Amino acid sequence: MRVRTLIIGAGAAGMFCAANAGPDVLIVDHAKKPGEKIRISGGGRCNFTNLDLKASNYISRNPHFAKSALARYTPWDFIGLVSGHGIAWHEKTLGQLFCDDSAKDIIAMLQSEMDNAGAKLMLETSVEAIEYDGSHYTVILLRGGRQTVCKAEKLVIATGGKSIPKMGATGFAYKVAEQFGLSLTDTRPALVPFTFSDNRFAAISGIATPVTARADQGPAFAEAMLCTHRGLSGPAMLQVSSYWQEGEDIHIDLAPTTKVTDALKQARKDSPRKSMTTALGKFLPARLVDLLKDELSVTGNCAEWSDARIDTLARALSNWSVKPTGTEGYRTAEVTLGGIDTDGLSSQTMEAKNAPGLYFIGESVDVTGWLGGYNFQWAWASAHAAGQSI
Ligand code: FDA
């Protein structure tokens with residue numbers, strides 16, 4: 001079999017590339033259905049882009065690499081496509097756009113765009129080997145126990161990263177990159193909940209509260225924190241996980257929207273005989289206060305608290321530090337941090353500098369977005385850049 005373009009991986013990036021790569025495209029995937037991560041994304045409603053997109057929303061060894069593709073295919077381009085397909089959407093918070101109805105609408109849209117472009121989709125197909133003879137890529141495909149040899153001028157690798165192996169993530173892209181002499185940056189799970197070996201949050205699992213949180217390095221995120229059976233999750237913690245290194249603390253402001261010192265002094269004035277835990281319960285979940293009271297020595301009635309003691313407590317609440325044991329790992333991570341080093345790729349086209357006709361797009365590349373639709377926008381933009389150049 002001969003095609004002009006073979007795309008491996010029918011996820012977000014691969015499908016969008018197939019729709020934009022001109023005629024004679026074959027796209028293969030080892031899964032039973034295309035776009036499975038899209039289906040489960042955004043709680044089933046797919047947070048497909050973000051209105052407030054900046055290069056600083058992405059982590060990469062080269063923070064400039066993603067700029068060109070992101071500037072040439074913007075959130076508004078994708079919104080135009082979504083709206084053109086009659087898919088209703090809404091902004092939830094912080095510029096995050098979701099489907100009103102179902103993430104399946106995005107998959108159907110991508111399939112229809114692929115059909116219009118004449119791209120052929122082959123599922124339940126794995127790749128046995130890839131060879132390059134200087135002008136063509138020869139790829140041995142395996143489907144239902146039968147081998148097919150496919151020759152292609154252009155080969156696009158869109159097999160994503162290592163997150164959620166149960167859904168077919170393999171790290172295949174990294175092997176291909178190594179075969180063709182491209183370097184990799186270190187990879188690790190990101191946008192992932194933290195775990196604590198002492199299960200200290202199990203007793204208050206389900207409690208959520210707005211916080212501002214940061215790792216030793218990286219920005220502070222003002223979003224919700226959720227206590228779980230195994231540790232800390234919620235958007236604030238997922239964001240911080242992308243910057244956190246093993247062994248480090250996380251720094252959390254537990255009451256970012258309250259002037260804690262003023263609030264506690266007022267409570268002392270208004271209700272001196274109420275307990276300090278009750279006063280804290282006005283702006284923190286009572287069960288969280290219960291968990292913290294020993295660690296922060298919160299005892300007695302408000303009347304017993306001096307100004308200095310209130311100041312110390314306020315400082316402790318605004319910079320509460322915890323040391324996770326680790327994270328939930330690739331089992332639940334939304335993305336893989338790191339990947340194919342961008343030094344080996346053209347930022348204009350995603351083509352490998354030392355392997356003409358070989359492209360890497362989407363999550364396989366060392367470009368990792370924040371939570372909030374940024375990772376899909378990278379998938380669309382990098383796929384579009386490759387598709388346009390093919
Ligand atoms: P993706 O993983 O989507 O696709 C790779 C494809 O390659 C898969 O179809 C896989 O089966 C196939 N494949 C892998 N190895 C193969 C092999 N060896 N042979 C053949 N095929 C192979 N992002 C966002 O912006 N908004 C959101 O709402 C969410 N929500 C979300 C929820 C959850 C639970 C997860 C796990 C992730 C998200 N994400 C997200 C992240 C987002 O899903 C992710 O960044 C993109 O799907 C990446 O797109 P890719 O096409 O690069 O990989």
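Please treat every number below as a calculation from the coordinates, not as lab data. Values in this document were obtained by computation on a predicted structure and should not be read as measured data. We place every Cβ from the backbone using ideal geometry, glycine too, and count neighbours over all the protein chains shown.
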Unit charges on C-beta of K, R, D, E only; dipole of segment 1-142, Debye: 300
Cα-centre dipole for the chain with unit charges at Cβ (Lys and Arg positive, Asp and Glu negative), debye to 20: 620
List the residues whose amide H sits under 5 Å from the amide H of LEU337, counting only those 5 or more places along or on another chain, with H placed 1.01 Å from N in the peptide plane. ARG188, ALA190
Please give the contour-minus-distance gain from ASP101 to GLU128: 0.36 nm per residue of separation, less the Cα-Cα distance, rounded to one decimal in nm. 5.9 nm
Charge context of ALA88, other residues only, Cβ under 10 angstrom, K/R +1, D/E -1: -3
Name the long-range amide H neighbours of ALA31: under 5 Å, sequence gap of 5 or more, or other chain; modelled H, no Pro or chain starts. GLU124, THR125
Taking the alpha-carbon centre of each part, the distance from segment 50-127 to segment 286-322 in Å is 45
Charge sum, other residues only, whose C-beta stays under 15 Å from HIS229's C-beta, Lys/Arg counted +1 and Asp/Glu -1: +2
Based on DSSP loop calls and a cut-off of at most 10 other Cβ atoms within 10 Å, the longest stretch of the chain free of exposed trypsin sites (Lys or Arg not before Pro) is what? 33-272
Extension gain LYS282-SER56, at 0.36 nm per residue separation less the Cα-Cα distance, in nm? 77.8 nm
What number comes out for the charge environment of LYS353, summing +1 per Lys or Arg and -1 per Asp or Glu over other residues with Cβ under 12 Å away? -3
Volume per residue, Å³, of the convex hull around the alpha-carbon atoms of the chain? 138
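Against the 2.2 N^0.38 Å scaling, with N counting residues, where does segment 131-191 land? I'd like the Cα-based Rg ratio to two decimal places.
1.33
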FRET efficiency, 1/(1 + (r/R0)^6) with R0 22 Å, evaluated for ARG315 and ASP198 via beta carbons: 0.35
Largest to smallest principal axis extent of the C-alpha atoms in segment 40-124, angstrom: 34, 29, 26
Using each residue's phi in segment 328-344, evaluate 6.51 cos²θ - 1.76 cosθ + 1.60 at θ = phi - 60° and report the 3J(HN,Hα) Karplus result to the nearest Hz, with x for Gly and Pro. 5, x, 4, 4, 10, 4, 6, 8, 9, 7, x, x, 6, 4, 5, 4, x
Step through the table entries LYS67/LYS162; LYS32/LYS67; LYS104/LYS353, compare each Cα-Cα distance with 29 Å, and write down the pairs that go over it. LYS32/LYS67; LYS104/LYS353
Which number do you get for Rg(Cα) / (2.2 N^0.38 Å) in segment 228-318? 1.21
Label point 7 Å beyond Cα of ALA88 along Cβ direction - residues of segment 30-44 with amide nitrogen under 15 Å: none
Positive end of the dipole of the chain, charges at C-beta (+1 Lys, Arg; -1 Asp, Glu), about the Cα centre: which of ALA279, ILE59, ILE107 has its Cα farthest in that direction? ALA279
Summing -39500 (n - 2.57) over every DSSP H run of at least 4 residues in the chain and dividing by its residue count gives a helix-only mean residue ellipticity at 222 nm, to the nearest 500 deg cm²/dmol, of -8000 deg cm²/dmol
Could you tell me the calculated FRET efficiency between ARG4 and ALA31, based on Cβ-Cβ distance and R0 = 30 angstrom, to the nearest 0.05? 0.80
I want to check the label-to-label distance for HIS136 and LEU296. Put each point 7 Å from Cα in the C-beta direction and report it in nm to one decimal. 6.9
Inter-centroid distance (Cα atoms) of segment 243-282 relative to segment 1-41, Å: 50
How far, in nm, would the chain grow between THR332 and THR148 when pulled straight, counting 0.36 nm per residue and subtracting the alpha carbon separation? 62.8 nm
Have a look at LEU317, SER347, PHE360 and report the one farthest towards the positive end of the charge dipole of segment 244-390, computed about the Cα centre with Cβ charges (Lys/Arg +1, Asp/Glu -1). LEU317
